[in-house]
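Okay, structure first, notes after.
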Amino acid sequence: MTETAARIPRSIKPADWPQKDRAAWAAAHRRGTLLDDDGLAASWAVATTDIIGRGYGTFLAFLARTADLDPTASPADRLTRPRIEAYVTYLRERNHSSTIAGRILALIRAVAVMNPAADLAWLRRIYARLRRSATPARDDRARLVPAVALFDLARSLMRRAETEIDQQGRRRALWYRDGLLMAMLCVWAPRARNVAATAIGISIQRRGAAWWAAFGSEETKNKRPIEIPLPSGFTPWIHQYLEHYRPLLARCSPAPNAGDAFWISHTGKPLTGKEIGQRVSAVTKRELGRAINVHLFRKVIPTELAIHDPAHVGVAQPLLGHADYRTTQQAYNLGRALDAARQHHRLVQSIRAVSFSRMGQNLVAPAKIAALRSFPRKASR
């Protein structure tokens with residue numbers, strides 16, 4: 001690798017793209033007026049824009065590294081079969097198969113909104129082949145934990161905060177916050193950015209005797225509003241957090257930085273989505289010996305439904321905010337596979353138990369005979 005190539009980042013940020021690319025990207029995200037339509041990417045969530053932009057920036061970085069980045073070319077003109085073949089080869093040296101498929105998909109989606117007239121059918125066929133041959137980067141079956149174990153951990157953390165009164169107030173507040181957070185993830189499992197955006201009186205509301213989670217369409221990934229009542233058992237937990245533990249955390253900041261944020265960090269500032277993910281993984285790793293991230297909580301719900309109540313697994317789709325039931329179906333299939341594996345394990349265990357029992361019965365007689373032979377005989381009269 002040349003010295004110039006070594007200085008090129010893995011993904012070029014949109015602000016550093018060639019002028020034509022920047023203009024096309026901005027036009028795709030522009031909001032229309034009464035006389036003009038929205039750009040094709042105007043409705044994308046911030047996270048979607050970031051992911052697709054990072055994927056397209058990776059392609060531009062590849063072209064720059066290979067001295068093939070023409071700043072005067074349009075996004076669609078850069079997509080040639082030889083370049084894509086070389087790009088896939090480049091990715092295979094650095095990424096997992098599922099990541100490669102994701103990079104090509106991001107490239108397709110970026111160019112589709114920047115140059116809508118581009119013919120991308122051939123590239124979509126390449127993506128389809130890559131996706132079919134891709135394997136998961138991680139096996140979720142080995143990482144999932146039963147929901148009851150996660151909920152028990154959540155309650156134990158809150159109980160620890162309430163009973164270990166000799167501990168520092170901030171430590172107890174963090175225990176209680178983490179417990180309440182994981183309890184909510186067990187019954188609802190929102191996306192990390194929605195967790196971070198939870199605001200008192202806005203996205204978490206008291207309605208009569210119950211608390212509700214409520215997010216507008218502009219706050220969700222699929223642009224559909226979410227309104228979900230939390231179980232009645234959460235009412236005293238949320239009250240205790242808001243009245244006692246959250247104020248303790250808010251006072252950790254010398255300036256009033258908490259605002260209306262529901263989740264507060266140890267420094268008294270609102271928790272970010274990244275910090276929430278790190279915290280949940282760290283706590284589950286410490287307490288359960290296995291790191292469970294926020295996204296895995298979203299897989300636990302439909303998986304448990306598939307195992308224990310398969311007839312109603314469909315309720316997971318609105319609960320998790322899936323726009324497409326196929327996403328829920330993937331978790332259903334995982335749940336049934338896990339249940340089948342557990343049943344097979346129990347069958348093997350029962351067979352082994354019966355085999356050992358029979359083996360023991362067969363060994364009793366020879367053992368008794370050997371013992372009798374070694375026992376001193378009475379002298380014959």
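The values are calculated or read from the model by the stated rules, or taken from the named source; none is laboratory data. Note that the structure is a prediction, hence the values are computed from the model and not measured. Cβ: placed from backbone, ideal geometry, glycine included. Neighbour counts: every protein chain shown. Surface accessibility is based on the protein's heavy atoms, side chains included, excluding ligands, DNA and RNA. Shrake-Rupley method; radii C 1.70, N 1.55, O 1.52, S 1.80 Å.
Considering only segment 87-95, I want to know if a residue exists there that is surrounded by fewer than 19 Cβ atoms within 10 Å (Cβ to Cβ), touching an Asp or Glu at 6+ places or on another chain (Cβ under 7 Å) and on the phi < 0 side of the Ramachandran plot.
No.
When the residues of segment 230-256 are narrowed to those that are open to solvent by 70 Å² or more (accessible area, probe 1.4 Å) and not charged (D, E, K, R), which ends up farthest from Phe215 (Cα to Cα)?
Residues of segment 230-256 open to solvent by 70 Å² or more (accessible area, probe 1.4 Å): 232, 236, 239, 243-244, 251, 254, 256.
This time we only want the ones that are not charged (D, E, K, R), so: 232, 236, 239, 244, 254, 256.
On the way: Ser232: 20, Pro236: 22, His239: 21, His244: 25, Pro254: 30, Pro256: 25 Å.
Here the answer is Pro254.
Cβ-Cβ distance below 9 Å, separation of 6 or more or different chains: which pairs start in segment 216-242 with a residue that is hydroxyl-bearing (Ser, Thr, Tyr) and end on one that is open to solvent by 40 Å² or more (accessible area, probe 1.4 Å)?
If the second residue must be open to solvent by 40 Å² or more (accessible area, probe 1.4 Å), the pairs left are Ser217/Lys223; Ser217/Arg224; Ser217/Pro225; Thr220/Arg191; Ser232/Ala209; Thr235/Arg206; Thr235/Ala209.
Name the residue that is surrounded by the most Cβ atoms within 10 Å (Cβ to Cβ), counting only residues in segment 59-78 that are out of contact with any helix residue (DSSP H, G or I) (no Cβ under 6 Å at 6 or more places or on another chain) and within 20 Å of Leu120 (Cβ to Cβ). Explain how you work it out, then say what you get.
The first filter runs over segment 59-78 and keeps only residues out of contact with any helix residue (DSSP H, G or I) (no Cβ under 6 Å at 6 or more places or on another chain), leaving 60-61, 63-64, 66-68, 70-73, 77-78.
Among the residues that remain, those that are also within 20 Å of Leu120 (Cβ to Cβ) are: 60, 63, 68, 70, 73, 77-78.
Values: Leu60: 24, Leu63: 19, Asp68: 15, Asp70: 11, Ala73: 15, Asp77: 13, Arg78: 21.
Only one residue fits best here, namely Leu60.
How many of the residues making up segment 249-273 are touching a helix residue (DSSP H, G or I) at 6+ places or on another chain (Cβ under 9 Å) and touching a residue at least 24 places away in the same chain (Cβ under 8 Å)?
Residues meeting the conditions: 11.
Here are some conditions: (1) open to solvent by 30 Å² or more (accessible area, probe 1.4 Å); (2) within 30 Å of Ile292 (Cα to Cα). Ala101 meets all but one. Which one does it not meet?
Of everything listed in (1) open to solvent by 30 Å² or more (accessible area, probe 1.4 Å); (2) within 30 Å of Ile292 (Cα to Cα), Ala101 misses just condition (1).
Could you check how many residues of segment 195-235 are within 20 Å of Tyr176 (Cα to Cα), small (Gly, Ala, Ser) and assigned to a helix (DSSP H, G or I)?
Total satisfying the criteria: 1.
So which of Ile108, Ile104 is of a type in the set (A, V, I, L, M, F, W, C) and either closer than 21 Å to Ile8 by Cα or assigned to a loop (DSSP other than H, G, I, E, B) (or both)? Full working, then the answer.
Working: Ile108 fails: either closer than 21 Å to Ile8 by Cα or assigned to a loop (DSSP other than H, G, I, E, B) (or both).
Selected residue: Ile104, the only one of Ile108, Ile104 that is of a type in the set (A, V, I, L, M, F, W, C) and either closer than 21 Å to Ile8 by Cα or assigned to a loop (DSSP other than H, G, I, E, B) (or both).
Looking at Arg109, Arg132, Arg159 in this structure, which one is open to solvent by 50 Å² or more (accessible area, probe 1.4 Å), within 30 Å of His239 (Cβ to Cβ) and either touching a residue at least 60 places away in the same chain (Cβ under 8 Å) or not β-branched (Val, Ile, Thr) (or both)?
Details: Arg109 fails: within 30 Å of His239 (Cβ to Cβ); Arg132 fails: within 30 Å of His239 (Cβ to Cβ).
None of the others qualify; the one that does is Arg159.
Only residues that are open to solvent by 30 Å² or more (accessible area, probe 1.4 Å) and touching a residue at least 60 places away in the same chain (Cβ under 8 Å): list them for segment 276-286, please.
Scanning segment 276-286 gives a single hit, Arg279.
Does Arg125 satisfy the condition of being open to solvent by 60 Å² or more (accessible area, probe 1.4 Å) and closer than 30 Å to Ile238 by Cα? Please lay out each step first, then the result.
Working: open to solvent by 60 Å² or more (accessible area, probe 1.4 Å): yes; closer than 30 Å to Ile238 by Cα: no.
Here the answer is no, as Arg125 does not meet what is asked.
Mind checking which residues of segment 236-252 are assigned to a loop (DSSP other than H, G, I, E, B) and within 30 Å of the chain's Cα centre (by Cα)?
To start, the set of residues in segment 236-252 that are assigned to a loop (DSSP other than H, G, I, E, B) comprises 251-252.
Once the filter is applied, which keeps residues that are assigned to a loop (DSSP other than H, G, I, E, B) and within 30 Å of the chain's Cα centre (by Cα), segment 236-252 yields only Cys252.
Quick one: in segment 190-222, of everything that is open to solvent by 80 Å² or more (accessible area, probe 1.4 Å) and either closer than 22 Å to Val280 by Cα or among the charged types (D, E, K, R) (or both), which residue is modelled with the lowest pLDDT? It would help to see each step written out before you state the result.
First pass over segment 190-222, keeping only residues open to solvent by 80 Å² or more (accessible area, probe 1.4 Å): 193, 202, 206-207, 218, 221.
Then drop every residue that is not either closer than 22 Å to Val280 by Cα or among the charged types (D, E, K, R) (or both), which leaves 193, 206-207, 218, 221.
Numbers: Arg193: 84, Arg206: 94, Arg207: 93, Glu218: 77, Lys221: 70.
Filtering first and then ranking leaves Lys221.
In segment 9-40, what residues are closer than 18 Å to Ala73 by Cα, open to solvent by 100 Å² or more (accessible area, probe 1.4 Å) and of a type in the set (Asp, Glu)?
Within segment 9-40, just Asp16 meets the criteria.
Quick check on segment 110-119. Is at least one of its residues among the acidic types (Asp, Glu) and modelled with pLDDT of 95 or more?
Applying the first criterion (among the acidic types (Asp, Glu)) to segment 110-119 yields 119.
Narrowing further to those that are modelled with pLDDT of 95 or more: 119.
Within segment 110-119 (the criterion being among the acidic types (Asp, Glu) and modelled with pLDDT of 95 or more), the answer is yes, since at least one residue qualifies.
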